[in-house]
Amino acid sequence: MKSFRDKRRDGRPHPARAEQARPRDAFAAGRQQAAPAERRETKPTDRQEARPAPRVLARREGALPAERLPVILEVAPNADYALLDSGAGEKLEQYGPYRIVRPEGQAIWQRALPAKEWERADAIFTGDTDEEGIGRWRFPKAPLGETWPMKHDGIDYLGRFTSFRHVGVFPEQASHWNHMAELIAAAKRPVKVLNLFGYTGLASLVAARAGAEVTHVDASKKAIGWARENQEMAGLADKPIRWIVEDAVKFAEREERRGSRYDIVLFDPPAYGRGPKGEVWQLFEDLPGLTDLCRSILTPKPLAVVLTAYSIRASFFAIHALMRDTFAGMGGTVESGELIIREKSAGRALSTSLFSRWVA
């Protein structure tokens, strides 16, 4: 399941309007939390568009959808990925053949594995920065290339050591991917999926493999290029996926005007970010309008809308209430809670993000 993505999330990257705002890299415009200085108001310039008029919203009529909460969607260790251990502000992960150490602010407990296990790491994100404010990787054993082959549930893709500490996949999203694939298979009809802030395309590849026609949107050209590489590597080049380099909100607005409709919409916006033409995204200001847009571009018999929110200071109750209000009158159920990864060493749960999804 990052454009504006820094996906994202541990502060990870996201493309299509923003991922925690990443430093100057256009890829980093993705999803990285902006520093306070970046949040001050500025006048539009030739590099920054004026903020468009907000979408006019009115409370939807009709009964609210049923609700199910809290829902905890868990990813357990497997052959493709495992959270081996965590603690002291870091996490030790196994991605295919490599052990990787990255920062993890929520790991405020103590490590369970001995130091010798952590010292076996192949790659460590140091947190050191150069003059551009971008972090570095250190390779204790031998220098590694920028990319390496990875796999998710039989889908091959490329892992990548990025300068903003992400590696191109967010394993906790597997719960959403599996659920989406089940909906597509059970529909027994053509299904159209829109993946906003799509990042490197794993969700799009899962949907396409399940039989859907997919539109993948991300504002980062680099992310789209990476996603296309992943499609080729996965052997899914013949599957119907449209790769769109565009601001997510602008694209959804155009689809609304054109009458384009989708059965499933995924959107994974950053907390703060900028689009390819300087468009500014602020999650708490802009999320209600985008959520309303997502409802407006659904087919008459939709299947689901899935919202994931990383790096925000809020309860899932906030996005739960937003989703129920937005989908009033449509029936179905809104399920909300957290995505977690279960640690292999001591069985602790590492929470990665909030989510809310409407299911018909």
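Side notes on the structure shown:
- Residue in region 147-158 that is surrounded by 20 or more Cβ atoms within 10 Å (Cβ to Cβ) and either part of a loop (DSSP other than H, G, I, E, B) or not aliphatic (A, V, I, L, M) (or both) present: yes
- Any hit, region 258-277, residues being buried (at least 24 other Cβ atoms within 10 Å of the Cβ), farther than 17 Å from P302 by Cβ and aromatic (F, W, Y): yes
- Those residues of region 240-276 which are within 19 Å of F327 (Cα to Cα), part of a strand (DSSP E or B) and β-branched (V, I, T), in sequence order: I264, V265
- Candidate set: region 118-137, residues that are assigned to a strand (DSSP E or B) and in contact with an Asp or Glu (Cβ under 8 Å, 6 or more places away or on another chain); chosen: the one modelled with the highest pLDDT: R136
- The test for being surrounded by 23 or more Cβ atoms within 10 Å (Cβ to Cβ), in a helix (DSSP H, G or I), more than 17 Å from the chain's Cα centre (by Cα) and at pLDDT 95 or above holds for A208.
- Residue count for region 199-235 under the criterion of being closer than 24 Å to K188 by Cα and among the acidic types (D, E): the result is 1.
- Here is the figure for region 317-352: residues that are crowded, with 22+ Cβ neighbours inside 10 Å and either closer than 20 Å to Q173 by Cβ or modelled with pLDDT under 95 (or both) total 10.
- Considering residues of region 278-316 that are part of a strand (DSSP E or B) and among the aliphatic types (A, V, I, L, M) only, the residue surrounded by the most Cβ atoms within 10 Å (Cβ to Cβ): V305
- You will find that of L283, L266, L290, the residue that is under 16 Å from the mean Cα position of the chain (by Cα) and modelled with pLDDT under 95 is L283 and no other.
- Residues considered: V193, V169. Of these, the only one that is of a type in the set (A, V, I, L, M), over 24 Å from A271 (Cβ atoms) and either in contact with a strand residue (DSSP E or B) (Cβ under 8 Å, 6 or more places away or on another chain) or in a strand (DSSP E or B) (or both) is V193.
- L144 satisfies every condition listed in (1) under 15 Å from the mean Cα position of the chain (by Cα); (2) part of a loop (DSSP other than H, G, I, E, B) except (1).
The values are calculated or read from the model by the stated rules, or taken from the named source; none is laboratory data. Values in this document were obtained by computation on a predicted structure and should not be read as measured data. Please note: Cβ atoms are built from the backbone with ideal geometry, for glycine as well, and neighbour counts cover all protein chains shown.
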